[in-house]
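**Student:** Can you read through this structure? Questions will come right after.
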There are 2 protein chains.
Amino acid sequence: MTTRIALIGFGKIARDQHQPALAAHEGFDLVATVDPQLTADATSTPASFTDFDALLASDVEVDAVALCVPPQHRFAVACQAIEAGLHVLLEKPPGITLSEVADLEQRAATAGTVLYASWHSRHAPAIEAAREWLLPQTVTAVEIDWCEDVKVFHPGQAWIWEPGGLGVFDPGINALSIATHILLRPFALREATLDVPGNCATPIAARLAFVDTNGAPVDAIMDWRHEGPPRWQIRVVTDAGELRLEEGGGRLSIDGDVRIDEDKDEYGGVYDRFASLIQEQRSEVDLRPFTHVADAFMLGRRRTVEDFHE
Amino acid sequence: MTTRIALIGFGKIARDQHQPALAAHEGFDLVATVDPQLTADATSTPASFTDFDALLASDVEVDAVALCVPPQHRFAVACQAIEAGLHVLLEKPPGITLSEVADLEQRAATAGTVLYASWHSRHAPAIEAAREWLLPQTVTAVEIDWCEDVKVFHPGQAWIWEPGGLGVFDPGINALSIATHILLRPFALREATLDVPGNCATPIAARLAFVDTNGAPVDAIMDWRHEGPPRWQIRVVTDAGELRLEEGGGRLSIDGDVRIDEDKDEYGGVYDRFASLIQEQRSEVDLRPFTHVADAFMLGRRRTVEDFHE
């Protein structure tokens, strides 16, 4: 059965990723888009609306929504969608506080709708193979290196610098969503430094020192001041050799031997998963990546650095 | 059956509260104290040690420990205690990250020991009566006012200003532990301001605007710059009248009519609870108060304020 879905928030991520993934997916039919920047046209295909109320009041029938609005607006829209009996896919991060996401989970359970807090990076081509290879190994050290040029990858996104926008953790949480998925042992933060521009509320860079339950260090560097090609990579040292994930999970190598090297198609996997959850009438809310970010804000020592101007 | 217990960390809270509560409690026998500042004497009653390893290596038999060390040291000691098969009571806050407390919970479950993340303020005399009175009411507004002079209540505690020390949330989390217990509806943070002295890592004051699942505002002010008598109070406006908790939960009044006014004996209740959990072989780890604090650090807008000197 096809799920009739609306994209709420029709900015960069919705146009670049969600729309093409939905067009290619036989389980979904994109029936509407909602964004204050759109021209309202309820008769177009998909129908377009400038606000969610207008969609709900229209004749367009929807079963589900994917929320691609900035995280600061996600909770209110999600509540409204759940109340209307719709299934909800949340882009990452799933909200601005852990508590509000726990509340959403409760609301969805009460309403009998599916809530899916998605982590798109977990659907990169090499992730499952990395997870399987690591499963029997003893991990002795992990290095996460997640550096990109904010001016290239987040042009004009003022909300990332506001409270709730997470700053460099907006991409960094992708690395944490991969690490919590492929590493068997949980890890917890022991020390962190957050570099915050004097004119911003959120960090432009972070250094994080986690330790896993076996005592192995899990170190992470996230930096938005990086210029040139981005580095989205995770190196895992084990007693059976060294695993490397590069290109955000598109390339996997073991001891330098490339095993997988594919172009990323993460959102196909995201929507496969959402379709399965809807079929099974089951929610999936894994808060571990977001909890690590909250821990980093709570425990991190802040340094004020140079003002940021785009 | 009496539980043989050791106090790990024998500073202000251990001497002021834990030691007298244990002396008065027939379910516990205080057999040892551990603190680097003590003079080691394994033959005294209770026996005293300068580190936990020395206690574990001694002939003194213990069934449980209460951790009164600063939160930055809690995790390592708790791991060691659980590994030694001991039941563990954690003073609040239960750690420096949410992730490490989740890990401890897992370790205790695996080892078959009891982990109790205690919230002493929940055992203040008027708390249960407040909870019962509120249960059938519709709450329309909540105001938390938690202001005290840090120089009076935290003399010489340098760790409160370090990462993981939580600053004003060290007392503030007591208010949040009460609020999460007496209010039926969960609440989540929408906006916060944190005032951080230029020479400190943690806030000296916080303003928090939560909203409950019914849309009612839950506003909180926490301020360590307050002089004179402390204000530890929560005001709950309902459709059936106004409830006030004052003196940290020692005094309860409804529409100005004082119903309970007792001296605080919170730690008797803490140890009653720990005894019950040990009897039932059941852990209790309610992370909601700590989650609200992590949310506040993640979402709060920081302002740098005047340096703090004791």
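**Student:** Would the stretch B:232-242 turn up any residue that is surrounded by 15 or more Cβ atoms within 10 Å (Cβ to Cβ), within 14 Å of another protein chain (Cβ to nearest Cβ) and among the polar types (S, T, N, Q)?
**Tutor:** No, the stretch B:232-242 has no match at all.
**Student:** Report every pair of residues separated by at least 6 positions or lying on different chains whose Cβ atoms are under 7 Å apart, first residue within the stretch B:229-258 and outside the structural domain of B:ILE182 (by TED's automatic domain parsing), second among the β-branched types (Val, Ile, Thr) and surrounded by fewer than 18 Cβ atoms within 10 Å (Cβ to Cβ).
**Tutor:** Here the result reads none, with nothing in the stretch B:229-258 linked to a residue that is among the β-branched types (Val, Ile, Thr) and surrounded by fewer than 18 Cβ atoms within 10 Å (Cβ to Cβ).
**Student:** So, in the stretch B:39-70, how many residues would count as being touching a Phe, Trp or Tyr at 6+ places or on another chain (Cβ under 8 Å) and modelled with pLDDT under 95?
**Tutor:** So the answer is 3.
**Student:** So which residues in the stretch A:102-112 are surrounded by fewer than 24 Cβ atoms within 10 Å (Cβ to Cβ) and within 12 Å of chain B (Cβ to nearest Cβ)?
**Tutor:** Answer for the stretch A:102-112, where residues must be surrounded by fewer than 24 Cβ atoms within 10 Å (Cβ to Cβ) and within 12 Å of chain B (Cβ to nearest Cβ): A:ALA102, A:ASP103, A:GLU105, A:GLN106, A:ARG107, A:THR110.
**Student:** Can you pull out every residue in the stretch B:253-310 that is more than 23 Å from the chain's Cα centre (by Cα) and among the hydroxyl-bearing types (Ser, Thr, Tyr)?
**Tutor:** Answer for the stretch B:253-310, where residues must be more than 23 Å from the chain's Cα centre (by Cα) and among the hydroxyl-bearing types (Ser, Thr, Tyr): B:SER253, B:THR304.
**Student:** Run down B:PRO36, B:PRO20, B:PRO70 and say which single residue is within 30 Å of A:PHE210 (Cα to Cα), touching a residue at least 12 places away in the same chain (Cβ under 8 Å), out of contact with any helix residue (DSSP H, G or I) (no Cβ under 7 Å at 6 or more places or on another chain) and surrounded by fewer than 21 Cβ atoms within 10 Å (Cβ to Cβ). Steps first, answer last, please.
**Tutor:** On the way: B:PRO20 fails: within 30 Å of A:PHE210 (Cα to Cα); B:PRO70 fails: out of contact with any helix residue (DSSP H, G or I) (no Cβ under 7 Å at 6 or more places or on another chain).
Residue meeting the stated conditions: B:PRO36.
**Student:** Quick one: what pairs do we get from the stretch B:166-181, first residue free of Cβ contacts under 8 Å to residues at least 60 places away in the same chain, second of a type in the set (S, T, N, Q), C-beta under 9 Å, 6+ apart or different chains?
**Tutor:** B:GLY167/B:THR202; B:VAL168/B:THR202; B:ALA175/B:SER121; B:ALA175/B:GLN233
**Student:** Here's a check for you: in the stretch B:164-197, which residue that is in a loop (DSSP other than H, G, I, E, B) and within 12 Å of chain A (Cβ to nearest Cβ) is surrounded by the most Cβ atoms within 10 Å (Cβ to Cβ)?
**Tutor:** Checked the stretch B:164-197; the qualifying residue surrounded by the most Cβ atoms within 10 Å (Cβ to Cβ) is B:GLY167.
**Student:** List the number of the failed condition for B:VAL60; all other conditions in (1) surrounded by fewer than 17 Cβ atoms within 10 Å (Cβ to Cβ); (2) part of a loop (DSSP other than H, G, I, E, B) hold.
**Tutor:** B:VAL60 satisfies all of (1) surrounded by fewer than 17 Cβ atoms within 10 Å (Cβ to Cβ); (2) part of a loop (DSSP other than H, G, I, E, B) except (1).
**Student:** So, one more: Could you check the stretch A:251-275 and list, in sequence order, the residues that are closer than 29 Å to A:THR2 by Cα and surrounded by 14 or more Cβ atoms within 10 Å (Cβ to Cβ)?
**Tutor:** Passing the criteria: A:LYS264, A:ASP265, A:GLU266, A:TYR267, A:GLY268, A:GLY269, A:VAL270, A:TYR271, A:ASP272, A:ARG273, A:PHE274, A:ALA275.
**Student:** Residues being assigned to a helix (DSSP H, G or I), away from chain A (no Cβ under 11 Å) and among the hydrophobic types (A, V, I, L, M, F, W, C): count how many of those fall in the stretch B:76-101.
**Tutor:** 4
**Student:** Looking at the stretch B:146-163, can you tell me whether even one residue there is over 16 Å from the mean Cα position of the chain (by Cα), crowded, with 16+ Cβ neighbours inside 10 Å and closer than 30 Å to A:GLN80 by Cα?
**Tutor:** no
**Student:** So, in the stretch B:273-297, of the ones that are of a type in the set (Asp, Glu) and within 13 Å of chain A (Cβ to nearest Cβ), which residue ends up farthest from B:LEU115 (Cα to Cα)? Walk me through it before giving the result.
**Tutor:** So in the stretch B:273-297, the residues of a type in the set (Asp, Glu) come out as B:280, B:284, B:286, B:295.
Then keep just the ones that are within 13 Å of chain A (Cβ to nearest Cβ); that gives B:286, B:295.
Numbers: B:ASP286: 11, B:ASP295: 24 Å.
Going through the qualifying residues, I end up with B:ASP295.
**Student:** Moving to a separate point now. Can you name the condition, by its number, that A:ASP103 falls short on among (1) in contact (Cβ under 8 Å) with a residue 40 or more places away in the chain; (2) over 15 Å from the mean Cα position of the chain (by Cα)?
**Tutor:** Only one criterion in (1) in contact (Cβ under 8 Å) with a residue 40 or more places away in the chain; (2) over 15 Å from the mean Cα position of the chain (by Cα) is unmet by A:ASP103, namely (1).
**Student:** Select, from B:GLY228, B:GLY268, B:GLY300, the only residue that is in contact with a helix residue (DSSP H, G or I) (Cβ under 9 Å, 6 or more places away or on another chain), away from chain A (no Cβ under 14 Å) and closer than 28 Å to B:VAL152 by Cα.
**Tutor:** B:GLY268
The values are calculated or read from the model by the stated rules, or taken from the named source; none is laboratory data. What you see is a predicted model, and the numbers here were worked out from it, not measured in a lab. As a convention, Cβ positions derive from the backbone with ideal geometry for all residues, glycine included, and neighbour counts pool all protein chains shown.
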